[in-house]
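A.B. asks: Below: one structure in structure tokens.
The values are calculated or read from the model by the stated rules, or taken from the named source; none is laboratory data. Owing to the predicted nature of the structure, the values given are computational and were not obtained by experimental measurement. No Cβ is skipped: glycine too gets one built from the backbone with ideal geometry, and neighbour counts run over all protein chains shown. For the accessible areas, the whole protein counts, side chains as well, though only heavy atoms, and no ligand, DNA or RNA atoms are used. Shrake-Rupley method; radii C 1.70, N 1.55, O 1.52, S 1.80 Å.
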Amino acid sequence: MPSARLLAKALMMRHRGLMRPKLERCMSAVCIGGCIGVSRSFITWTAKSHLSHLSHPHLRPLSWKSTKFGSPVFSLTRPRARSVSVSSIAQLTQQAVDVSSGFVAFAAKAYGILLLAVFLLQRKLIYLPSGQVADPRVYGGEVIQIAGDSGTTSAAMFFRPQGSKPTIVFFHGNADQLGWGPADLGSQFSQAGYGFYGYSAQELNIRAAGLARPGSPTEESIYTSAEAMLNHLEEKLSVDKASVVLVGQSIGCGAAVEMAKRGFGRKLVLLSPFTSLPRLSQRIYPIFAPALKLCPFLLLDKFDNLAKAKDVKIQTLVIHGDEDEIIPFDMGQELSDAIPGSMLIAAKGFGHNDLFNYPTLLKHIAMFASKGAS
């Protein structure tokens, strides 16, 4: 039989379509021979272990006897009686119960430890920073910095609108940063004359060139910071509140919906939104679904967009990839149905992280911001 390394190499060559016919036949023979050997061993073990217990009430095992002619004849002998005591059955039953109880106890302890770890680390799992930092100033525009509570500093990228064009306020998604999505989008919208205010809703990844000092983000700190940035846009940057269009992406939709509920913005665009963080967590991690249903307080940040939907009074456009692998498309559809007068565009064939590759995405946003959904 070939060694494990030769066997693995042969299987890899077969997978790549590079195995030679003779070697392939040799491997097939080895596999078939192995299967036959295992089958014979199993049959032999089964016969020895089980078939010897089978007996018929009117038949007895056969034994050989010799006659004077030297020819063998069969004679019947009574088999030995097999007796199983009640105490042995009770003992086996108790052992099985003990094993089952031990397994259940071990599983419960392991599940509890896992829940505790996730509970303590949940915000590090929800707010995911990227591993790199990019300077947003390479795309042009103006860097806005606002000092917040507890020594934190929030930052935004601002491109001034031309004439009476609307200003798009963008709340980016997870693992994004000002120097990537917001700066790039701001540059593209600015070329078309639109104003753009790209704000980091998570206060993460905005420390490029000392632009910000992020704290530990929470749902409430995100809302507080977002409201302060919007007030700054209106009061200090002289942008008319009636020209503001709120655009949220993924987890940034939570900040966009909350700001719309608080009366900010003339229109609202949601890209790949979710109904609520608890429901999304149960979809992504089914193992935690029972605990979250029984103890919803375990999830500290809710971002319950669905509960706030009825309070959104401005025109809303939802764009969601119908092949979204992170936030299911039906969540975006459900949220769109719950917001009065909302319109839904399904990006056919697009998922979560490639939605900005949707050819007409920016066109839909620009036309909706200026006139309405196309």
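A.B. asks: Need the list of aspartates and glutamates near residue 267 for cross-linking: C-alpha distance under 17 angstrom, and skip anything on the same chain fewer than eight residues off.
C.D. replies: By straight Cα distance, residue 267 reaches 227, 234, 240, 258, 311, 337.
A.B. asks: Highest mean first, what order results for 303-310, 356-363, 274-281 on Cβ atoms within 10 Å? Mind dumping the intermediate values first?
C.D. replies: Working: 303-310: 19.4, 356-363: 13.1, 274-281: 20.9.
The peptides rank, most packed first, as 274-281, 303-310, 356-363.
A.B. asks: Would you mind telling me the share, in percent, of accessible area of region 253-374 contributed by carbon and sulfur at probe 1.4 angstrom?
C.D. replies: Details: 3110 of 5370 Å².
Of the solvent-accessible surface of region 253-374, carbon and sulfur hold 58 percent.
A.B. asks: Of 120, 115, which has the most accessible area and how do the rest follow, probe 1.4 Å?
C.D. replies: Numbers: 120 125, 115 45 Å².
If we order 120, 115 from most to least accessible, we get 120, 115.
A.B. asks: Further, regarding this structure: Which whole-number value in Å² is the accessible area per residue of region 128-190, probe 1.4 Å? Before the final figure, lay out the partial values.
C.D. replies: Details: 2730 Å² over 63 residues.
Value for region 128-190: 43 Å² per residue.
A.B. asks: Going highest first, how would you order 257-267, 219-229 by mean Cβ packing within 10 Å?
C.D. replies: Values: 257-267: 20.9, 219-229: 19.1.
Top of the packing list down: 257-267, 219-229.
A.B. asks: Could you please put 295, 253 in sequence from largest to smallest accessible area, using a 1.4 Å probe? Each step should come with its number before you reach the end.
C.D. replies: Numbers: 295 35, 253 0 Å².
Result, largest first: 295, 253.
A.B. asks: What accessible area per residue, rounded to a whole number of Å², is obtained for region 248-336 using a probe radius of 1.4 Å? Kindly include the intermediate steps, with their values, before the conclusion.
C.D. replies: Numbers: 3420 Å² over 89 residues.
Here the residues of region 248-336 average 38 Å² of exposed surface.
A.B. asks: Under the 0.36 nm per residue contour assumption, what length would be gained going from the current alpha-carbon distance of residue 160 and residue 147 to full extension? Mind dumping the intermediate values first?
C.D. replies: On the way: separation 13, 0.36 × 13 = 4.68 nm, distance 2.16 nm.
Result for the pair: 2.5 nm of gain on full extension.
A.B. asks: Contour minus end-to-end for residue 110 and residue 94, with contour as 0.36 nm per residue of separation and end-to-end as the Cα-Cα distance? Intermediate results must be reported in sequence, preceding the final value.
C.D. replies: Working: separation 16, 0.36 × 16 = 5.76 nm, distance 2.43 nm.
Taking residue 110 through residue 94 to full extension adds about 3.3 nm, to one decimal.
A.B. asks: Starting with the highest mean, order 333-344, 282-293, 166-177, 186-197 by the number of other Cβ atoms within 10 Å, averaged over the residues of each peptide.
C.D. replies: Averaged packing, sorted descending, gives the order 166-177, 186-197, 333-344, 282-293.
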